[in-house]
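K.L.:
Mind looking over this structure? Questions follow.
The values are calculated or read from the model by the stated rules, or taken from the named source; none is laboratory data. Values in this document were obtained by computation on a predicted structure and should not be read as measured data. Here the Cβ positions follow ideal geometry from the backbone for every residue, glycine too, while neighbour counts run over all protein chains shown.
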Amino acid sequence: MSNAAFEEIAETFDFLDDWEDRYRHVIDMGKAMSPLEDALRVPATKVEGCASQVWLVPQVDGTGESAVLTFRGDSDAMIVRGLIAVLIALYSGQSAQSVMAIDAHAQLGRLGLNEHLSAQRSNGVRAMVARIRAYAQTAIKNA
């Protein structure tokens, strides 16, 4: 159910042998993201439950289950920016129905992230996934 951008990350992770190389790759992905404008760093886009400052901004095209969601995000922590980039790759361009059906834990497990993130970072990822799913649920309800 994942898209091409996420599959490319998974292939890169398969190629990288050790976790430190994977960790660096995640950080590089975060560095490559464009920062959010200050006007988008507001309480409405801030993700609670993350140790770092995290903002997720959706763009929703259409309504209902077929609405397509695209995400932008930012954080004050480099590794978290990278994790946002991974989640954006997993979810952006998906329909609201598809977003709701994605098993993020399983998909992130393919990358080995589940066992290599601290408990705090794992909680933050869960909070980001919950926010993404909430945006999809809102799109479905607004049909």
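K.L.:
Is it true that Arg24 is on the phi < 0 side of the Ramachandran plot and surrounded by 17 or more Cβ atoms within 10 Å (Cβ to Cβ)? Walk me through it before giving the result.
P.N.:
Details: on the phi < 0 side of the Ramachandran plot: yes; surrounded by 17 or more Cβ atoms within 10 Å (Cβ to Cβ): no.
Criteria not met by Arg24.
K.L.:
Looking at the stretch 78-96, which of its residues are touching a Phe, Trp or Tyr at 6+ places or on another chain (Cβ under 6 Å) and either farther than 16 Å from Ala10 by Cβ or surrounded by fewer than 22 Cβ atoms within 10 Å (Cβ to Cβ) (or both)?
P.N.:
The answer is Ile88, Ala89, Ser92.
K.L.:
Provide a single number: the residues in the stretch 102-111 that are over 23 Å from Asp18 (Cβ atoms) and surrounded by 18 or more Cβ atoms within 10 Å (Cβ to Cβ).
P.N.:
Within the stretch 102-111, residues that are over 23 Å from Asp18 (Cβ atoms) and surrounded by 18 or more Cβ atoms within 10 Å (Cβ to Cβ) number 2.
K.L.:
Also: Does Val99 qualify as being within 12 Å of the chain's Cα centre (by Cα), in contact (Cβ under 8 Å) with a residue 40 or more places away in the chain, buried (at least 21 other Cβ atoms within 10 Å of the Cβ) and in a helix (DSSP H, G or I)?
P.N.:
On the way: within 12 Å of the chain's Cα centre (by Cα): yes; in contact (Cβ under 8 Å) with a residue 40 or more places away in the chain: no; buried (at least 21 other Cβ atoms within 10 Å of the Cβ): yes; in a helix (DSSP H, G or I): yes.
For Val99, the condition - within 12 Å of the chain's Cα centre (by Cα), in contact (Cβ under 8 Å) with a residue 40 or more places away in the chain, buried (at least 21 other Cβ atoms within 10 Å of the Cβ) and in a helix (DSSP H, G or I) - is not met.
K.L.:
Among the residues of the stretch 112-130, write down those that are more than 15 Å from Ala77 (Cα to Cα), in contact with a Ser or Thr (Cβ under 9 Å, 6 or more places away or on another chain) and buried (at least 16 other Cβ atoms within 10 Å of the Cβ).
P.N.:
Within the stretch 112-130, just Leu113 meets the criteria.
K.L.:
Output the residues belonging to the stretch 1-54 that are part of a strand (DSSP E or B) and more than 15 Å from Tyr91 (Cβ to Cβ).
P.N.:
We begin by selecting, within the stretch 1-54, every residue part of a strand (DSSP E or B); these are 46, 54.
Passing the criteria: only Lys46.
K.L.:
Within the stretch 70-101, how many residues turn out to be out of contact with any strand residue (DSSP E or B) (no Cβ under 7 Å at 6 or more places or on another chain) and under 30 Å from Lys141 (Cα atoms)?
P.N.:
If we filter the stretch 70-101 for residues that are out of contact with any strand residue (DSSP E or B) (no Cβ under 7 Å at 6 or more places or on another chain), which is where we start, we get 76-79, 82-83, 85-87, 89-90, 97-98, 100-101.
With under 30 Å from Lys141 (Cα atoms) added as a condition, the list becomes 83, 85-87, 89-90, 97-98, 100-101.
Number of matching residues: 10.
K.L.:
If you check Ser75, Ser66, Ser52, which single one turns out to be surrounded by 19 or more Cβ atoms within 10 Å (Cβ to Cβ), of a type outside the set (Phe, Trp, Tyr), touching a helix residue (DSSP H, G or I) at 6+ places or on another chain (Cβ under 8 Å) and in contact (Cβ under 8 Å) with a residue 12 or more places away in the chain? Can you show your working first?
P.N.:
Working: Ser66 fails: surrounded by 19 or more Cβ atoms within 10 Å (Cβ to Cβ); Ser52 fails: surrounded by 19 or more Cβ atoms within 10 Å (Cβ to Cβ).
Only one candidate qualifies: Ser75.
K.L.:
So is Arg131 charged (D, E, K, R), on the phi < 0 side of the Ramachandran plot and touching a helix residue (DSSP H, G or I) at 6+ places or on another chain (Cβ under 9 Å) or not?
P.N.:
On the way: charged (D, E, K, R): yes; on the phi < 0 side of the Ramachandran plot: yes; touching a helix residue (DSSP H, G or I) at 6+ places or on another chain (Cβ under 9 Å): no.
It is false that Arg131 is charged (D, E, K, R), on the phi < 0 side of the Ramachandran plot and touching a helix residue (DSSP H, G or I) at 6+ places or on another chain (Cβ under 9 Å).
K.L.:
Continuing with the same structure: Can you name every residue in the stretch 102-130 that is assigned to a helix (DSSP H, G or I) and aliphatic (A, V, I, L, M)? Let's see the steps before the verdict.
P.N.:
Applying the first criterion (assigned to a helix (DSSP H, G or I)) to the stretch 102-130 yields 104-110, 113-116, 119-130.
If the condition is that a residue be assigned to a helix (DSSP H, G or I) and aliphatic (A, V, I, L, M), then Ala104, Ala106, Leu108, Leu113, Ala119, Val125, Ala127, Met128, Val129, Ala130 are the ones that fit.
K.L.:
Among the residues of the stretch 62-96, how many are in a helix (DSSP H, G or I) and of a type outside the set (Lys, Arg)?
P.N.:
Our first condition is that a residue be in a helix (DSSP H, G or I); within the stretch 62-96, this holds for 64-66, 78-91, 96.
The next check asks that each one be of a type outside the set (Lys, Arg); those that pass are 64-66, 78-80, 82-91, 96.
So the answer is 17.
K.L.:
Moving on to the next point. Please indicate, with yes or no, whether at least one residue in the stretch 3-15 is at pLDDT below 95, under 22 Å from Ala139 (Cα atoms) and surrounded by 13 or more Cβ atoms within 10 Å (Cβ to Cβ).
P.N.:
Checking the stretch 3-15: at least one residue is at pLDDT below 95, under 22 Å from Ala139 (Cα atoms) and surrounded by 13 or more Cβ atoms within 10 Å (Cβ to Cβ).
K.L.:
So, one more: Quick one: is Val86 within 14 Å of the chain's Cα centre (by Cα) and touching a residue at least 40 places away in the same chain (Cβ under 8 Å)? Break it down stepwise before answering.
P.N.:
Numbers: within 14 Å of the chain's Cα centre (by Cα): yes; touching a residue at least 40 places away in the same chain (Cβ under 8 Å): yes.
Here the answer is yes, as Val86 does meet what is asked.
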